[in-house]
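Working notes, structure below.
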Amino acid sequence: MNSGRLTVENACKKYGRQEVLQDVSLSVFAGERVALLGHNGAGKTTLIKLILGLTGLTGGTIDVFGHPTGSDGARRTAAYLPETVNFHGMLTGREQLRFFARLAGESGKQVDGVLEKVGLASAADKRIGTYSKGMRQRIGLAQVLMRRPQLALLDEPTSGLDPISRRTFYDLVDELAQAGTAVFVSSHALTELEARTDRIHIMASGKLVAAGSLDALRKEAGLPTRITVKAVHEKADAVAAKLGGERVNCSSVQLTFGADEKLDRISAIAGLEKGLVEDVDLAPPSLEDLYRHFTAKGDGSDHIN
Amino acid sequence: MITSISAVAGIELRIAIRNRWVLISVLLMTLFALALVFAGSAPTGVLGIDLLTVSVASLTTLTVYLAPLLALLLSFDGISGEAERGSLPLLLTYPTSRGAILAGKAIAHILILLLAICIGYGIAGLAATLAGGASAQGVEALLRLCWTAPLLGAAFLGIGYTLSGFSRQTSTAAALAIAAWLILVVLYDLGILGALVFDDGGVFTSHVFPVLLVANPADAFRIVNVSGSQAASLASGMTNEIGAASSWASLLSLILWPALSLYVAMIVFRRYET
């Protein structure tokens, strides 16, 4: 038992004979932002529901900051943002949040501040029935922020949000983590997670197929890094010959190599005589590449969604 | 615990006021009750009984149909509605028990029933008194109606939540609620009356029939309100079969039913997997 983190050990879940989750182990520490990636049906939501105690484990243990899952202590510790959250349309945003504050045993005086933070101050007294999907999602986030939880479980939080809202959303998540909350977020939106998480877990068919920081996953996957060298007009062939790369069009040369060769390649480019190279673009394997790599290894399919 | 119960009750009341359930319940009760009072005003002159007493007899029959119906309408989406909206999983992750959530809902819905019944029958009683006078027994019978009707309603609230807890969709829960109303309030009586006729004074009539009558909350409610009031003489010769003993048994049944049905609803809700 460790009171400073969420620990999932060998978690298993069966619905009837179907194994939805097999032997999943992971931990999330205070102040850490951890992402959970996987196709629909990979078991992400099931794992989150198990952590929240909404459904029972078939095997293994889950410890929420020193409290067994599903206990009153665990529920006091963790806040949850469901994937699709719909509140009663007849209530206003402010009423809904006041209700949640009372349920959490708080006074509700932080409601106004939180509404301001998620950008709903002006809509606070309108009925939720008139809200857009993004606004309802922000009420969902507001109830998480309001509780200042030790652990925040966010299930697909940005689906249905526009790009600007997504950014503000992750700004608020960062703030939450900086205040010491362990943030566990499941998502499909890979590019936005890339810069916004400390560690990544990838699930496929109910199993954890990869875990670690982005760098660690890159090392583990051993996917090639790509450098695109844009040559000065009519010098592409010369550049390709000198660097040993592949010419992709009349002016660009592409170099593909393992992560450990990166510095050598860069110094080779820097060592070229003047008047050959116009621009250089370096692309390490993206999270999407890694995701495809690990999930394809896990279940033999490579589609997202 | 107390805070969560009152928080849930408060929010349920607010929702019921907003979507006009409170208004509809009160209007429905008042309109039906007034209609019965004035439709029933004809026989008073002949029988020499005050209009209030006559009215209570018809209001009792009205309550048998309307109180369960209102209760089921309030409760059928109590669990499945939250589940369908997707707000149930979130609600259940809060540090409060499922028991407290259900208790809060039940309290709000009982208050709405109480309000609808007291206002509706209060206005009807007043109108009857003004139009045709009232006796002490009439007032007593009306008061008895006002506190037993919410008990009958509460019994059906528990049934509504239970059915809601068995349904994945509100539409299923609604269909089940209508079926429960039809069976317990309408078909049950037809069934046992049919059996009574068929039995023609045998063992069923003397031993089984009284038990079956008391076991149904709607019939228990009718017996409690009909026996022990002058209205008894107006409401068929049923009392001959029943007597004082079953009047107490009916009262017990009327108190046990809400307790039991709400308890069962709690068990079903505790087992509900989101």
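The values are calculated or read from the model by the stated rules, or taken from the named source; none is laboratory data. In this text the structure is predicted, and so the values were computed from the model without any measurement. Cβ: placed from backbone, ideal geometry, glycine included. Neighbour counts: every protein chain shown.
Data overview
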item	result
Matching residues, the stretch B:132-151, being part of a helix (DSSP H, G or I), over 17 Å from the mean Cα position of the chain (by Cα) and loosely packed, with under 15 Cβ neighbours inside 10 Å	B:136
Residue under evaluation residue A:253, criteria (1) more than 30 Å from residue A:39 (Cβ to Cβ); (2) at pLDDT below 85, criterion not met	(2)
Among residues of the stretch A:101-115, those that are part of a helix (DSSP H, G or I) and either in contact (Cβ under 8 Å) with a residue 24 or more places away in the chain or within 11 Å of chain B (Cβ to nearest Cβ) (or both), counted	6
Residue list for the stretch B:93-104, restricted to those being within 13 Å of chain A (Cβ to nearest Cβ) and either surrounded by fewer than 20 Cβ atoms within 10 Å (Cβ to Cβ) or closer than 11 Å to residue B:9 by Cβ (or both)	B:95, B:97, B:98, B:99, B:100, B:101, B:104
Single unsatisfied condition, residue B:107 versus (1) modelled with pLDDT of 95 or more; (2) crowded, with 20+ Cβ neighbours inside 10 Å	(2)
Within the stretch B:15-125, helices (runs of 4 or more DSSP H) holding 3 or more residues that are more than 30 Å from residue A:74 (Cα to Cα)	B:21-39, B:44-47, B:51-75
Only one of A:173, A:185 that is touching a residue at least 12 places away in the same chain (Cβ under 8 Å) and under 16 Å from residue A:51 (Cβ atoms)	A:185
Qualifying positions in the stretch B:204-230 - assigned to a loop (DSSP other than H, G, I, E, B) and at pLDDT below 85	B:227, B:228, B:229
Residue match in the stretch A:2-11 (condition: under 18 Å from residue A:146 (Cα atoms) and either surrounded by fewer than 20 Cβ atoms within 10 Å (Cβ to Cβ) or of a type outside the set (S, T, N, Q) (or both))	no
Qualifying residue in the stretch A:61-76 (condition: part of a loop (DSSP other than H, G, I, E, B), touching a residue at least 24 places away in the same chain (Cβ under 8 Å) and under 16 Å from residue A:5 (Cα atoms))	yes
Residue satisfying all of: in the stretch A:55-66; surrounded by fewer than 22 Cβ atoms within 10 Å (Cβ to Cβ) and farther than 13 Å from residue A:24 by Cβ; farthest from the other protein chains (Cβ to nearest Cβ) among these	A:63
Count of residues meeting criterion [among the polar types (S, T, N, Q), touching a residue at least 60 places away in the same chain (Cβ under 8 Å) and within 20 Å of residue A:187 (Cα to Cα)] in the stretch A:116-156	1
Selection within the stretch A:18-53 - among the aliphatic types (A, V, I, L, M), in contact (Cβ under 8 Å) with a residue 60 or more places away in the chain and not in a strand (DSSP E or B)	A:30, A:42, A:47, A:48, A:51, A:52
Identity of the residue in the stretch A:121-175, under 13 Å from the mean Cα position of the chain (by Cα) and hydrophobic (A, V, I, L, M, F, W, C), that ends up surrounded by the fewest Cβ atoms within 10 Å (Cβ to Cβ)	A:169
Condition check for residue A:128: touching a His at 6+ places or on another chain (Cβ under 9 Å) and within 13 Å of another protein chain (Cβ to nearest Cβ)	yes
Qualifying positions in the stretch A:117-126 - more than 11 Å from residue A:94 (Cα to Cα) and either assigned to a helix (DSSP H, G or I) or touching a strand residue (DSSP E or B) at 6+ places or on another chain (Cβ under 8 Å) (or both)	A:117
Residue within the stretch A:212-229 that is without any contact (Cβ under 8 Å) to a residue 40 or more places away in the chain, more than 30 Å from residue A:29 (Cα to Cα) and either surrounded by 14 or more Cβ atoms within 10 Å (Cβ to Cβ) or not aliphatic (A, V, I, L, M) (or both) present	no
Test: residue in the stretch B:76-85 that is closer than 19 Å to residue B:1 by Cα and free of Cβ contacts under 8 Å to residues at least 12 places away in the same chain	no
Residue satisfying condition, being of a type in the set (Ser, Thr, Tyr), outside any loop (DSSP other than H, G, I, E, B) and not assigned by TED's automatic domain parsing to the domain that holds residue A:247, within set A:168, A:158	A:168
Lone qualifier among A:244, A:206 - being on the phi > 0 side of the Ramachandran plot and surrounded by fewer than 20 Cβ atoms within 10 Å (Cβ to Cβ)	A:244
Restricting the stretch A:78-100 to residues that are at the interface with chain B (Cβ under 9 Å from one of its Cβ atoms) and in a helix (DSSP H, G or I), the residue that is surrounded by the most Cβ atoms within 10 Å (Cβ to Cβ)	A:100
